[in-house]
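K.L.:
Dropping a structure here in structure tokens format, bear with me for questions.
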Amino acid sequence: MIETITRIPVAHYANLKERAGYSIKIDDKEIALFKLSSGEVYALENRSPHPKGGVLSEGLVSGRFVYCPVYDWKISLVDGMVQAPDEGQVRTYSVERKEDILFIVL
Amino acid sequence: MKKLVMIGNGMAGVRAIEEILKVAPDKYTITIFGQEPYPNYNRIKLSNILQGDTNFEDIIINPLEWYQENQIQLYTGETVVKIDREAKHVISDQGREVDYDELIIATGSNSFILPIPGADKIGVTGFRDIKDCEMMIKSSKQYKKAVVIGGGLLGLEAARGLLNLGMKVDVVHLMPHLMERQLDPIASSLLKGELESQGMNFLMEKETVEILGDEHVTGLRFKDGSEVETDLVVMAIGIKANTAVAKDSGIYVNRGIVVNDFMETSEPHIYAVGECAEHREIVYGLVAPLYEQGKVLANRIAGIVGEAYEGSVTGTQLKVAGVDLFSAGEIFEDGTTKSIMIYNEYDGVYKRVLTRNDLIVGIVLYGDTTDSTRLYRLLTKKEDISGVAIFQTACSGESSSDDIASMPDDELVCGCNGVTKGAIVEAIQAQGLTTLDQVSHCTNAGRSCGRCKPMVSNILAHTLGDQFDATAAQKTSICGCTTVSREELVAEIKVKGLTSVKEVMNVLDWNNEEGCTKCRPAINYYLGMIYMDEYKDDRDSRLVNEKMHANIQKDGTYSVVPRMYGGVTTAADLKKIAEIAEKYAVPLVKLTGGQRIGLFGVKKEDLPSMWEELDMPSGYAYGKTLRTVKTCVGAQFCRYGTQDSMALGIELEKKFERLDTPHKVKMGVSACPRNCSEAGIKDIGFVGIDGGWEIYVAGNGGVDLRPGDLLCTVKTQEEVMEMTGAYLQYYRETANYLERTSKWVERVGLEHVKEVLANEQTRKDLNERMDLTLKKYIEPWNEAIQNEEIQDKYYAKHTITSGSESK
Ligand code: SRM
Ligand SMILES: Cc1cc2nc3c(=O)[nH]c(=O)nc-3n(C[C@H](O)[C@H](O)[C@H](O)COP(=O)(O)OP(=O)(O)OC[C@H]3O[C@@H](n4cnc5c(N)ncnc54)[C@H](O)[C@@H]3O)c2cc1C
Ligand code: SF4
Ligand code: FES
């Protein structure tokens, strides 16, 4: 079986500010990229699983979680799981770093 | 380490785990399966949720962090379907297999649903979990009529909740008296009268035989042939121990999973606790006995030789506003019993204690339950009551300090959690506790139904004596990340000289390193309030609207609302707005309720350039700050106008714009009492009269509509500005974050505010601090236009076409 892995360079690591979310559009996909206080970087689909949707990139970042800015759902940046009492999961993307360049793996 | 597995993530089970962690912290690796998709929450409070007193987040007992901290592997939303006793493992509905050395079954119970035709129709529910509550809340938005089957504890609490949700409610009861297992006929008829006056309708002695309707319920039919229409049926006739997994796996089950005095089932290494367990032929349905079981079980699992569980006497209380009721033990006379009674029909107070051979065997209290803890102790301790005054308190009045002093140390204060007065006093003294919240945390008292909280609070007051600070003790912590209250937070910031959000969370031991959406904006506000001009705002601790200086819309676009001071504009400004709206294809141009123009549906990346082209200051339509000052046309044009309302409005808006406040602040200025600017429902409203201005405060036109109260009448515009500055600053310094002026004034009292502001020196000091604060603000839209870093961090959108690096 042949798998295609696509790595898209999306940002310079050093340019990213901590606890900020960046919205990145790759073709028709919109991805939110977050850099945490620890320096880790995570990428999620930029859409809350709340039935009414909404973006995530402008949410408040705390530790490895982001709070959805529109409905205040707490979402894990690591696995995209929505924290109780709400339910759902956001699609996550893995992020790779080569020197200063960050790639999103599609 | 040995492996401990628990099936069921509910109140009794998780409490047993807490007890195990206390007595044997490092003995087991623990795994818990819970069918519901939540951490352990306080099921008792579902009644309060339905009645609208609290929300889901506040009833979580053990947040997910608790499981992490104690290294408990939790699988929520996962049901255990089989116990393999040979292989010693359990299997979940998702095919997960987990081995155990010891296994606890704590599966609770299910609502008992009458086995009658139609019971499976849409619109029929039990009252057991969050799902049921959500279903009822949803129905109430769509439908008008509800029927509750069952006039017991659960049924009445459900009915009260549905009334609060705006439904018309009938309660169907099979027996001639409500709560007949806990109340005698007198108490029961008092209760019925009270609930009827609250709007409940009772259908007594009715046996439901069928639920009518096609897919969705439309009504009920009773045995006597009569029918009643309804859109929602809540079955609250009882509960059924949830024994399915145990039974299927060959464990001995009667009405519940049968256990001995050490909570052991018929199988070695398998235990049961909670509502699923049957002990000496009794299945308990209240938490107090279940928590006692949990202690006994913990000792057994820890290998400690402890006391056996020998059964419990339970006391009940109904959680319905306006009803004070307590009942325990036996209810009915049987020839060997004698009653002691007080019946004051006028005040609706009824008390009866049933005795046998000088011992109390039953208690019913209605209308005044202050004697309940003391009587309950006499009952459970089987103390001789000859010569004891049974009813000590008069018909009204709370327990005073004297009562607390004379209360023996072993008197039970919190029935749910078995906490005595002695234990509370000891915790307060040993650990230096000062608030109700802390006492609950350390002793568990008050953590379940909450009925004991007034008593715990009295004990706290009595124990601390002069050091007791009543308002502080009532304060709850600002969020789940800490136990610190607003008052403590502000005091600690000042005393310890903390200067950043991060430092506050660090030094004050936040259990969540970077806080949450409740505490971070609040801390940021308090720091800015305390350090007036020195504090550097922590933009990333603000929520989206304030962080972006634009209000986010449901689809991720934003609105742009420029200032239009006092609602007054010019033709040139209108043209500019029109041109920009056209150029950026703004989907909606609208006059807002705040007398200005809003541009809605703007793309994030267009914000800075639109602001630049508008070249107008931000109207802060998104902020916890001064929003607009609405004005009427006033003396400049209107024939009734006595003052220049537009000029005052513009001056106010120019002076106080951008100021951080605990919640948003709106003002209105009218030039005569016809009040065309609606100044009577503003946070601060000004009404021109002949020779002066009336200043109204604490009005609100939003969720809790409230007319403003007259603060004072002044003569000149200077006096208006001085009074307004002092008032606003006093609000800034003393309100809780997110407390609007209307709520704040109700909390601290209008008279108090008037008194503070009556002092000229105080007003002067307040205004000085206000002016110092006002100096620090910079126009945020302009700042964004000037600063590339801000633009890149907050407003840029990066678009990339893929295909760059593939392999
Ligand atoms: C635009 C406007 C409606 C309109 O089309 O006219 C509006 C829009 C919003 N209001 Fe409002 N309110 C607007 C006038 C009002 C008024 C009328 C007034 O000010 O005279 C009220 C009642 C008066 C009052 O506040 O006492 C009002 C009471 C609320 C409330 C309830 C506040 C309360 O304490 O009860 C909220 C919710 C909140 O603030 O927590 C709210 C919240 C909101 C938010 C910010 C909700 C949000 O966070 O997304 C809305 C933003 C919409 C958006 O997409 O930008 N809005 N809102 C008005 C803007 C006025 C302005 O120019 O600044
Ligand atoms: C509306 C309401 C009001 C109440 N008011 C009071 C009150 O005022 N005072 C009082 O003392 N008590 C009150 N109670 C009763 C109290 O809530 C219960 O006694 C208590 O919750 C029982 O605890 P438990 O752990 O045995 O069961 P539960 O709290 O029901 O927990 C059992 C859990 O196990 C889960 N489970 C079941 N089977 C499985 C499986 N196979 N695999 C995985 N998980 C499973 C269930 O989903 C459930 O979450 C009230 C109850 C309700 C519903
Ligand atoms: S409030 Fe009075 S002055 Fe103002 S417009 Fe109305 S009538 Fe005229
Ligand atoms: S008596 Fe129920 S929580 Fe204390």
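K.L.:
Go over the candidates B:228, B:233, B:245, B:209 one by one and state the one that is more than 20 Å from residue B:331 (Cβ to Cβ) and assigned by TED's automatic domain parsing to the domain that holds residue B:84. Show your work before the answer.
P.N.:
Numbers: B:228 fails: assigned by TED's automatic domain parsing to the domain that holds residue B:84; B:233 fails: assigned by TED's automatic domain parsing to the domain that holds residue B:84; B:209 fails: assigned by TED's automatic domain parsing to the domain that holds residue B:84.
Result: B:245 is the single residue among B:228, B:233, B:245, B:209 that is more than 20 Å from residue B:331 (Cβ to Cβ) and assigned by TED's automatic domain parsing to the domain that holds residue B:84.
K.L.:
Now, a different point. Among the residues of the stretch A:1-23, is any buried (at least 19 other Cβ atoms within 10 Å of the Cβ), touching a strand residue (DSSP E or B) at 6+ places or on another chain (Cβ under 6 Å), facing another protein chain (nearest Cβ under 10 Å) and among the aromatic types (Phe, Trp, Tyr)?
P.N.:
Yes: one or more hits.
K.L.:
Which is away from chain B (no Cβ under 12 Å) and either in contact with a helix residue (DSSP H, G or I) (Cβ under 7 Å, 6 or more places away or on another chain) or not basic (Lys, Arg) (or both), of A:80, A:63, A:53?
P.N.:
Details: A:63 fails: away from chain B (no Cβ under 12 Å); A:53 fails: away from chain B (no Cβ under 12 Å).
That would be A:80, the only listed residue that is away from chain B (no Cβ under 12 Å) and either in contact with a helix residue (DSSP H, G or I) (Cβ under 7 Å, 6 or more places away or on another chain) or not basic (Lys, Arg) (or both).
K.L.:
Within the stretch B:285-303, track down each residue that is over 21 Å from residue B:316 (Cβ atoms), surrounded by 19 or more Cβ atoms within 10 Å (Cβ to Cβ) and of a type in the set (A, V, I, L, M).
P.N.:
Of everything in the stretch B:285-303, those that are over 21 Å from residue B:316 (Cβ atoms), surrounded by 19 or more Cβ atoms within 10 Å (Cβ to Cβ) and of a type in the set (A, V, I, L, M) turn out to be B:296, B:297, B:298, B:301.
K.L.:
Let me ask you something else. Suppose the filter is more than 16 Å from ligand 4 (Cβ to nearest atom), within 14 Å of chain A (Cβ to nearest Cβ) and hydrophobic (A, V, I, L, M, F, W, C); does residue B:591 pass it?
P.N.:
Numbers: more than 16 Å from ligand 4 (Cβ to nearest atom): yes; within 14 Å of chain A (Cβ to nearest Cβ): no; hydrophobic (A, V, I, L, M, F, W, C): yes.
So residue B:591 fails the test.
K.L.:
Among the residues of the stretch B:495-516, is there at least one that is within 14 Å of chain A (Cβ to nearest Cβ), under 22 Å from residue B:59 (Cα atoms) and open to solvent by 30 Å² or more (accessible area, probe 1.4 Å)?
P.N.:
There is at least one residue in the stretch B:495-516 that is within 14 Å of chain A (Cβ to nearest Cβ), under 22 Å from residue B:59 (Cα atoms) and open to solvent by 30 Å² or more (accessible area, probe 1.4 Å).
K.L.:
If you check residue B:441 against the conditions, is it under 29 Å from residue B:321 (Cα atoms), open to solvent by 60 Å² or more (accessible area, probe 1.4 Å) and either modelled with pLDDT of 85 or more or within 16 Å of ligand 3 (Cβ to nearest atom) (or both)?
P.N.:
Values: under 29 Å from residue B:321 (Cα atoms): yes; open to solvent by 60 Å² or more (accessible area, probe 1.4 Å): yes; either modelled with pLDDT of 85 or more or within 16 Å of ligand 3 (Cβ to nearest atom) (or both): no.
So residue B:441 fails the test.
K.L.:
For the stretch A:95-106, give me each residue that is in contact with a Phe, Trp or Tyr (Cβ under 7 Å, 6 or more places away or on another chain) and either without any contact (Cβ under 8 Å) to a residue 24 or more places away in the chain or more than 12 Å from chain B (Cβ to nearest Cβ) (or both).
P.N.:
A:95, A:97, A:100
K.L.:
Then there is this: So residue B:160 ticks every box in (1) of a type in the set (D, E, K, R); (2) more than 14 Å from ligand 2 (Cβ to nearest atom); (3) away from chain A (no Cβ under 14 Å) but one. Which box is left unticked?
P.N.:
Result: residue B:160 passes all but (2).
K.L.:
Within the stretch B:643-670, track down each residue that is within 16 Å of residue B:681 (Cα to Cα) and touching a strand residue (DSSP E or B) at 6+ places or on another chain (Cβ under 9 Å).
P.N.:
Scanning the stretch B:643-670 gives B:649, B:664, B:665, B:666, B:667, B:668, B:669, B:670.
K.L.:
Just to be sure I understand the filter: pairs with C-beta atoms under 6 Å, separated by 6 or more residues or on different chains, first member in the stretch B:297-317 and closer than 22 Å to residue B:412 by Cα, second member assigned to a loop (DSSP other than H, G, I, E, B) and open to solvent by less than 20 Å² (accessible area, probe 1.4 Å). Which pairs pass?
P.N.:
Within 6 Å, the pairs are B:297/B:263; B:297/B:273.
One line per residue, one yes/no per condition, for (1) assigned to a helix (DSSP H, G or I); (2) assigned by TED's automatic domain parsing to the domain that holds residue B:563; (3) open to solvent by 40 Å² or more (accessible area, probe 1.4 Å); (4) within 13 Å of ligand 1 (Cβ to nearest atom):
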{"position": "B:594", "(1), (2), (3), (4)": "no, yes, no, yes"}
{"position": "B:598", "(1), (2), (3), (4)": "no, yes, no, yes"}
{"position": "B:621", "(1), (2), (3), (4)": "no, no, no, yes"}
{"position": "B:640", "(1), (2), (3), (4)": "no, no, yes, no"}
{"position": "B:643", "(1), (2), (3), (4)": "no, no, no, no"}
{"position": "B:650", "(1), (2), (3), (4)": "yes, no, yes, no"}
{"position": "B:653", "(1), (2), (3), (4)": "yes, no, no, yes"}
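K.L.:
For the stretch B:1-90, which helices (runs of 4 or more DSSP H) that fit wholly inside it have 3 or more residues that are closer than 19 Å to residue B:416 by Cα, away from chain A (no Cβ under 14 Å) and out of contact with any strand residue (DSSP E or B) (no Cβ under 6 Å at 6 or more places or on another chain)?
P.N.:
Working: elements: B:11-23, B:46-50, B:64-69.
Result: B:11-23.
K.L.:
Just need a number here: residues in the stretch B:235-275 that are hydroxyl-bearing (Ser, Thr, Tyr) and open to solvent by 30 Å² or more (accessible area, probe 1.4 Å). Spell out the reasoning first.
P.N.:
In the first step, residues of the stretch B:235-275 are kept if they are hydroxyl-bearing (Ser, Thr, Tyr); the result is B:243, B:249, B:252, B:265-266, B:271.
Retained after the next criterion (residues that are open to solvent by 30 Å² or more (accessible area, probe 1.4 Å)): B:252, B:266.
Residues in the stretch B:235-275 being hydroxyl-bearing (Ser, Thr, Tyr) and open to solvent by 30 Å² or more (accessible area, probe 1.4 Å): 2 in total.
K.L.:
Pick from the stretch A:84-94 the residues that are within 12 Å of chain B (Cβ to nearest Cβ), in a loop (DSSP other than H, G, I, E, B) and out of contact with any Phe, Trp or Tyr (no Cβ under 7 Å at 6 or more places or on another chain): which of them is least open to solvent (accessible area, probe 1.4 Å)?
P.N.:
Step one: filter the stretch A:84-94 for residues within 12 Å of chain B (Cβ to nearest Cβ), giving A:84-89.
Next cut, in a loop (DSSP other than H, G, I, E, B) only: A:84-88.
Of the ones still in play, those that are also out of contact with any Phe, Trp or Tyr (no Cβ under 7 Å at 6 or more places or on another chain) are A:87-88.
Numbers: A:87: 108, A:88: 31 Å².
The extreme case among them is A:88.
K.L.:
Give the residues of the stretch B:785-801 that are open to solvent by 70 Å² or more (accessible area, probe 1.4 Å) and within 7 Å of chain A (Cβ to nearest Cβ), sorted by residue number. Let's see the steps before the verdict.
P.N.:
If we filter the stretch B:785-801 for residues that are open to solvent by 70 Å² or more (accessible area, probe 1.4 Å), which is where we start, we get B:786, B:788-789, B:797, B:799, B:801.
Result: B:797, B:799, B:801.
K.L.:
Could I ask something else about it? If I filter the stretch A:35-48 for residues that are at the interface with another protein chain (Cβ under 7 Å from one of its Cβ atoms) and in contact with a Ser or Thr (Cβ under 8 Å, 6 or more places away or on another chain), do I get at least one hit? Walk me through it before giving the result.
P.N.:
Applying the first criterion (at the interface with another protein chain (Cβ under 7 Å from one of its Cβ atoms)) to the stretch A:35-48 yields A:37.
Keeping just the survivors that are in contact with a Ser or Thr (Cβ under 8 Å, 6 or more places away or on another chain) gives none.
No, the stretch A:35-48 contains no residue that is at the interface with another protein chain (Cβ under 7 Å from one of its Cβ atoms) and in contact with a Ser or Thr (Cβ under 8 Å, 6 or more places away or on another chain).
K.L.:
Kindly provide the set of residues from the stretch B:661-687 that are out of contact with any Ser or Thr (no Cβ under 6 Å at 6 or more places or on another chain) and near ligand 3 (Cβ under 10 Å from one of its atoms), ordered by number.
P.N.:
Matches in the stretch B:661-687: B:673, B:674, B:675, B:678.
K.L.:
Across the stretch B:538-579, which residue is surrounded by the fewest Cβ atoms within 10 Å (Cβ to Cβ) among those that are part of a loop (DSSP other than H, G, I, E, B) and more than 14 Å from chain A (Cβ to nearest Cβ)?
P.N.:
Taking the stretch B:538-579 and keeping what is part of a loop (DSSP other than H, G, I, E, B), we get B:538, B:542-543, B:549-550, B:553-557, B:561, B:563-564, B:568-570.
This time we only want the ones that are more than 14 Å from chain A (Cβ to nearest Cβ), so: B:561, B:563-564, B:568-570.
On the way: B:561: 23, B:563: 20, B:564: 22, B:568: 16, B:569: 17, B:570: 9.
In this case the residue turns out to be B:570.
The values are calculated or read from the model by the stated rules, or taken from the named source; none is laboratory data. Source: prediction; values computed, not measured. We place every Cβ from the backbone using ideal geometry, glycine too, and count neighbours over all the protein chains shown. Please note that ligands, DNA and RNA were not included when accessible areas were found on the heavy atoms of the full protein model with its side chains. Shrake-Rupley method; radii C 1.70, N 1.55, O 1.52, S 1.80 Å.
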